[in-house]
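Structure first, commentary second.
The numbers here are math on the coordinates, done by the rules we state, and not lab data. None of the values given here were measured: they were computed from a predicted structure. Because the Cβ atoms are built from the backbone with ideal geometry, glycine has one as well, and the counts that use them run over all protein chains shown.
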Amino acid sequence: MNRNAFAVAAVIGMGLAAGTTFVVKGEERAAGVRLRTGAVEPKAVVTADDAEEKYCTPEFKDVLARVIHACGLSGSEGRRGCQPADVKTLAAISDDEFNKLFTPLEKRAAVIMFDEGAEKLDDAAKKLLDERWQERKGARYFFVVARASKTGPADFNRALSHKRANSVMFYLADKFKDPDIDKKVGLLWLGKEFAQLDKQYCAWPVTRPGKCDAEGINRSAFVSWVDCRL
């Protein structure tokens, strides 16, 4: 090859290389634009946190959002849990409607039962709590809805249901050492004033199936992770 032919070949080779570099850079810029503008959406990977169950109806999520905001789970400080008057106001639904919201959680929830006038967790309660807490499956909030039976004055039962909710919270905090537990556990204590359970809930996972009746089912704390996105 003479000197002139070699020079021409070199120029062509540099041109091809530059063209290739230009194309590659152009493709990189185009890809960046597509990702920034959303012209081509990357395929979403579904994770546990994206899961949402059928019970997450608009009505349920509306009440859930109000409970989360009012009962200390939204990041606002200075409040832990809600009592009957709070729940009545923020839920803005009847007792039966409130309970029906949670009915689809039957397979996910459990009812922790207590002795009359007491808030101490027995071994069966601790075992079932351990199981339910560890079945998180990506859920963000764990609800504890404590009650008291109709026996006794309202103020006593309100305080008792508060103690029962706290017993669950303190046990979970001590057992699992989760530093963010305050942001996950929502406490509601209803006393005997709001949303009493009827005997049909004895068919749910309960800690004392042999002692479950219309009174016993309300000496309790309903517990469940809730798999709804808000």
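Each residue of the stretch 98-108 is assigned a 3J(HN,Hα), and the resulting list reads 4, 5, 5, 4, 8, 4, x, 8, 3, 6, 9 Hz, derived from the Karplus form 6.51 cos²θ - 1.76 cosθ + 1.60 (θ = phi - 60°), x at Gly and Pro. Across the stretch 118-127, rounded Karplus estimates of 3J(HN,Hα) from the backbone phi angles (6.51 cos²θ - 1.76 cosθ + 1.60, θ = phi - 60°) give 10, 10, 6, 7, 8, 5, 5, 5, 5, 5 Hz, Gly and Pro being marked x. Extension gain for Lys183-Lys150 works out to 8.7 nm (0.36 nm per residue, less the C-alpha to C-alpha distance). With neighbours defined as other Cβ atoms within 10 Å of a residue's Cβ, the residues Met169, Met113 order from fewest to most as Met169, Met113.
Using R0 = 22 Å, the C-beta based FRET efficiency linking Lys163 and Asp213 works out to 0.50. Among the listed pairs Lys54/Lys192; Lys88/Lys126; Lys150/Lys183; Lys107/Lys183, those whose Cα-Cα separation exceeds 28 Å are Lys54/Lys192; Lys88/Lys126; Lys150/Lys183.
Annotation: extensible slack from Lys107 through Lys137 equals 9.5 nm (criterion: 0.36 nm per residue apart, minus Cα-Cα distance).
With neighbours defined as other Cβ atoms within 10 Å of a residue's Cβ, the residues Leu230, Leu128, Leu197 order from fewest to most as Leu230, Leu128, Leu197.
If the segment from Glu59 to Asp123 were pulled out straight at 0.36 nm per residue, it would be longer than the present Cα-Cα gap by 19.5 nm. For Ser224, the amide hydrogen comes within under 5 Å of the amide hydrogens of Phe143, counting only partners 5 or more places away or on other chains and with H modelled in the peptide plane.
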